[in-house]
Amino acid sequence: MSASRDRRLPRRMWVEAALLSLLLAGLRRMKPEHASNAAGWLCRLVGPWLPVSKVADANLQYVMPHLGRRSRWRIIRDMWENIGRNAGELPHLASLPHNPASGPGWDVVGEEHLRAHAHTGQPVMFVSGHIGNWEMLPPAVARYGLAFSSFYRAPNNPYVDRMLCDLRDEAMGQAVPLFAKGARGARQALAHLIRGGNLGMLVDQKMNDGIEARFFGKPAMTASAMAAMALRQKCPVIAGYVERLGPARLRVHVSAPLELPDTGERKRDQQLLTQMVNDYIEQKIRQHPGNWLWLHRRWNRHLNNK
């Protein structure tokens, strides 16, 4: 970014970047578990009172109508705590130990699938959702020789964007290309896959130009790019998620490659594969509802009057 362009940016962006830089520096000086606890406590205290929490409550009422107000409130508080812990842990992801005997660190359930695929040298697609500390999935997978690129929505502030990208590259141990959401990004991602690169996607957000699939038994517009690219290239798809075990203590779960549908009808195969991934993510959310990001407008029909 040139100096002349820097001067044209609003002062607010400089202030935001300076505050974030100070916050990250403070978190980095703390022990990982202490940073996780501090940020988690703050978000659990403040987050439930923010207006956006009404979206989370409406989502819970829509797909888990059996839950009472107290149960929904507990899930929303747990969700905010998880968000805070993710933020507190972000500066420490690169240094968290693999397979610790106790305390902070991460391990992998299903690592045999990663080792087996790494030996093939073929590209692979990873699919997941905003569960637990989803930021841990890329660096964990990269340790097995399967670093992947992702779709990405950059923050409006380029300084904030650069700091967050640097943290992710540090955790990954290398810089990887990122693709903007949208048609152009999808074309670039497909070209990356064709060249032999790996690709990762978080597919639990609403995508208006996707396809309708079921999610928690309700119709939900879902990104179709994952299924379209995987089927076109006959590329293995591995589903995964990150379970939170405690402060800065994470467990990465990865599945065996999903069996790609082959009905002979392209649209039908895309629908089946998309539904397969939705079902996987839903199952994991039901196991740990307080670890999912309920703030997304994943379903919109029930929110029109909220």
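The values are calculated or read from the model by the stated rules, or taken from the named source; none is laboratory data. Computed from a predicted structure; not experimentally measured. Positions of Cβ are generated from backbone atoms using ideal geometry, with glycine treated the same way; all protein chains shown enter the neighbour counts.
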Those residues of segment 64-74 that are crowded, with 19+ Cβ neighbours inside 10 Å and touching a residue at least 24 places away in the same chain (Cβ under 8 Å) come to a total of 0
The helices (runs of 4 or more DSSP H) lying entirely within segment 28-114 that contain at least 3 residues which are among the aliphatic types (A, V, I, L, M) and more than 20 Å from GLU243 (Cα to Cα) are 32-46, 53-63
In segment 227-249, anything in a loop (DSSP other than H, G, I, E, B) and buried (at least 23 other Cβ atoms within 10 Å of the Cβ) is listed as ALA248
Expected output for segment 165-180 (first residue more than 15 Å from ALA154 (Cβ to Cβ), partner at pLDDT 95 or above and of a type in the set (Asp, Glu), Cβ below 8 Å, 6+ apart or cross-chain) is ALA171/GLU135
In segment 66-115, anything hydrophobic (A, V, I, L, M, F, W, C), within 23 Å of TYR144 (Cβ to Cβ) and modelled with pLDDT of 95 or more is listed as LEU90, LEU93, ALA94, LEU96, TRP106, VAL108, VAL109, LEU114
Taking segment 110-135 and keeping only residues that are of a type in the set (A, V, I, L, M, F, W, C), surrounded by fewer than 23 Cβ atoms within 10 Å (Cβ to Cβ) and under 18 Å from the mean Cα position of the chain (by Cα), one is left with TRP134
Counting only residues in segment 25-42 that are surrounded by 18 or more Cβ atoms within 10 Å (Cβ to Cβ) and under 10 Å from HIS92 (Cα atoms), the one nearest to the chain's Cα centre (by Cα) is identified as SER36
Of the listed residues (VAL52, VAL63), the one being modelled with pLDDT of 95 or more, touching a Phe, Trp or Tyr at 6+ places or on another chain (Cβ under 8 Å), closer than 24 Å to PHE216 by Cα and among the β-branched types (Val, Ile, Thr) is VAL63
Log entry, pairs with first residue in segment 191-219 being surrounded by 12 or more Cβ atoms within 10 Å (Cβ to Cβ) and of a type in the set (Gly, Ala, Ser), second being in a loop (DSSP other than H, G, I, E, B) and at pLDDT below 95, beta carbons closer than 6 Å, six or more apart or on different chains, reads GLY210/ALA223; GLY210/SER224
Can you find a residue that is more than 15 Å from VAL176 (Cα to Cα), within 15 Å of the chain's Cα centre (by Cα) and surrounded by 15 or more Cβ atoms within 10 Å (Cβ to Cβ) anywhere in segment 141-149?
no
>> Suppose the filter is loosely packed, with under 15 Cβ neighbours inside 10 Å, of a type outside the set (Gly, Ala, Ser) and within 17 Å of SER128 (Cα to Cα); does ARG153 pass it?
In response: yes
Of the residues in segment 250-268 that are in a loop (DSSP other than H, G, I, E, B) and charged (D, E, K, R), the one that is nearest to the chain's Cα centre (by Cα) is GLU259
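Looking only at segment 118-133, count how many residues are out of contact with any Gly (no Cβ under 6 Å at 6 or more places or on another chain) and either of a type in the set (A, V, I, L, M) or within 20 Å of ARG297 (Cβ to Cβ) (or both).
Final tally of qualifying residues: 6.
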THR120 meets each of (1) farther than 24 Å from GLN205 by Cα; (2) touching a residue at least 12 places away in the same chain (Cβ under 8 Å); (3) β-branched (Val, Ile, Thr) with one exception, condition (2)
Condition set modelled with pLDDT of 95 or more and either assigned to a loop (DSSP other than H, G, I, E, B) or closer than 12 Å to ALA186 by Cβ (or both), scope segment 205-226, selection nearest to the chain's Cα centre (by Cα): answer is PHE216
